[in-house]
Amino acid sequence: MPKAKPVVVVTRKLPELVETRMSELFDVRLNVDDQPMSQAQLVDAVRHADVLVPTVTDRIDAAVISQAGPQLKLIANFGNGIDNVDVKSAMNRAITITNTPGVLTEDTADMTMALILAVPRRLAEGFEVLEHGEWKGWAPTWMLGHRIWGKKLGIVGMGRIGQAVARRAKAFGMSIHYHNRRRAPTHVEEGLEATYWESLDQMLARMDVVSVHCPHTPGTYHLLSARRLKLLRPESYVVNTARGEIIDENALARMLEAGEIAGAGLDVFEHEPAVNPKLLKLARSGKVVLLPHMGSATVEGRVDMGERVIINIKTFMDGHRPPDRVLPSML
Ligand code: 8YV
């Protein structure tokens, strides 16, 4: 008798191509309405699923995992960051976790570069002037921003995305500085002409733009704390396309309001989808550019993420180690 197909619960609507392929391979339960699932619905899912495919909008916490049936063996996250899953609880119950690294690197780096350019060069403000029919014509001292070329970029977290941002920023004439738990290999540093800062504090105090690219873990929560943000130069800009929780958002908003930091480009927020009203107000003044978590939002990226999820499930179900297994050392 052929082996029964695994029951795969997908919590959000995925690209059609991905859902079609999943339906061919698995006994898949899709979320056609794309309504985010409640905690009760997630509990119901883990009671019945062999594999759960969550996204960043699902909180797979210890309470949910404690309700999982013995059949749940794999959580195949649709996304790179796995802070939406209580990885330790899952591992304690011998549930394997996978993510989708690699496939969203270039898209996220593009979006980061867009924010690095958008804030100092006042793109949103310029657009708004035109939109409101307020343009009186070119003037030598009007709408002046700040030059990117020759400025220092401080990258917090020099993994795949950090390095992809560094490659782009270098091409724009920025000098690359970074802080990371581990120093990057010499060939990476040399290729990017990057300066390593063992001390994050020391680096922050000297940068023109600081861009966050580390994962959100208990160790990086509010890594850019109120104290650290105070180290930044008042002319500097902060960009975040990683996770809102890495920056003390309230402190950042306060400092932007007070003019203690020049501006910010944010694609992620501490309490998504809620956005700090102070930040929204600052966006209207042009000091900050805000995006609704769009870093990996390309058709190609989302299809590639789905493909990785399928490969991870298929490999796991075939009795092999899935390529993107999350290991405790990554936390
Ligand atoms: C994804 C992301 O869109 O992969 C990540 O970590 O932040 C996003 O770009 C999201 O996580 C999908 O679940």
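Convex hull over the alpha-carbon atoms of the chain: what's its volume per residue in Å³?
Roughly 151 Å³ of hull volume per residue.
A cut-off under 11 angstrom between Cβ atoms defines the neighbours of residue 96, and their net charge, with Lys, Arg +1 and Asp, Glu -1, is +3. Using a probe of 1.4 Å on the protein chains alone, the accessible area found for residue 135 is around 140 Å².
Other residues whose C-beta falls under 10 angstrom from the C-beta of residue 270 contribute a net charge of -3, scoring Lys and Arg +1 and Asp and Glu -1. In this structure, residue 205 and residue 307 have a Cβ-Cβ separation that, at R0 = 45 Å, corresponds to a calculated FRET efficiency of about 0.60. Taking a ≥ b ≥ c as the square roots of the eigenvalues of the Cα gyration tensor, an a/c ratio of 1.5 or more together with a/b no larger than b/c marks segment 187-231 as oblate. Note that segment 68-83 has calculated 3J(HN,Hα) couplings of 5, x, x, 6, 6, 10, 9, 10, 9, 5, 8, x, 7, x, 10, 6 Hz, one per residue in order, obtained from phi through the Karplus relation 6.51 cos²θ - 1.76 cosθ + 1.60 (θ = phi - 60°); glycine and proline are x. Each Lys or Arg adds one and each Asp or Glu subtracts one; over the other residues with Cβ under 12 Å from the Cβ of residue 230, this totals +1. Annotation: lysines with alpha-carbon distance below 26 angstrom to residue 88 (same-chain offsets under eight excluded): 73, 314. In this structure, residue 5 and residue 222 have a Cβ-Cβ separation that, at R0 = 35 Å, corresponds to a calculated FRET efficiency of about 0.20. Straight-line cross-link partners of residue 287 among the lysines, defined as a Cα under 25 Å from its Cα and at least 8 positions apart when in the same chain: 136, 151, 152, 170, 230, 278. Our Cα-only numbers for segment 1-106 put the radius of gyration and Dmax at 13.3, 44 Å. Per-residue Karplus couplings for segment 269-286, computed as 6.51 cos²θ - 1.76 cosθ + 1.60 with θ equal to phi - 60°, are listed in order as 9, 5, 10, 4, x, 6, 10, 3, x, 5, 5, 4, 5, 5, 5, 5, 7, x Hz, Gly and Pro entered as x.
Between Rg and the Kirkwood Rh of segment 91-187, both from Cα atoms, what is the Rg to Rh ratio?
Checking Rg against Rh, the ratio lands at 1.16.
Counting only residues at least eight positions apart within a chain, or on another chain, the aspartates and glutamates with an alpha carbon under 19 Å from that of residue 5 are 19, 24, 27, 50, 307, 318. Label-to-label distance, residue 16 versus residue 59, with points set 7 angstrom from Cα along the beta-carbon direction: 3.5 nm. For residue 195, nonlocal amide neighbours, meaning residues 5 or more places apart or on other chains whose placed amide H falls under 5 Å from its own, are 176, 177, 178. Segment 240-264 and segment 86-105 have Cα centres spaced 29 Å apart.
Accessible surface ranking for 177, 320, 1.4 angstrom probe, highest first: 320, 177. Here's the picture: charge each Lys and Arg Cβ at +1 and each Asp and Glu Cβ at -1 in the chain, and of 68, 197, 171 the one pushed furthest to the positive end of that dipole is 197.
Ligands, DNA and RNA aside, residue 82 has an accessible area near 30 Å² when probed at 1.4 Å.
Distant-in-sequence amide contacts of residue 238, defined by a placed amide H-H separation under 5 Å and a gap of 5 or more residues or a different chain, comprise 210, 263, 264, 265. Note on exposure: 232, 331 ranked by accessible area (1.4 Å probe, complete protein assembly) read 331, 232, with the most exposed listed first. How large is Rg/Rh for segment 105-290, to two decimals, with Cα atoms and a Kirkwood Rh? Dividing the radius of gyration by the Kirkwood radius yields 0.97.
The values are calculated or read from the model by the stated rules, or taken from the named source; none is laboratory data. In this text, all values refer to a predicted model and were calculated from it rather than measured experimentally. Reconstructed Cβ throughout: ideal geometry from the backbone, glycine too, with neighbour counts over all protein chains shown. Please note that ligands, DNA and RNA were not included when accessible areas were found on the heavy atoms of the full protein model with its side chains. Shrake-Rupley method; radii C 1.70, N 1.55, O 1.52, S 1.80 Å.
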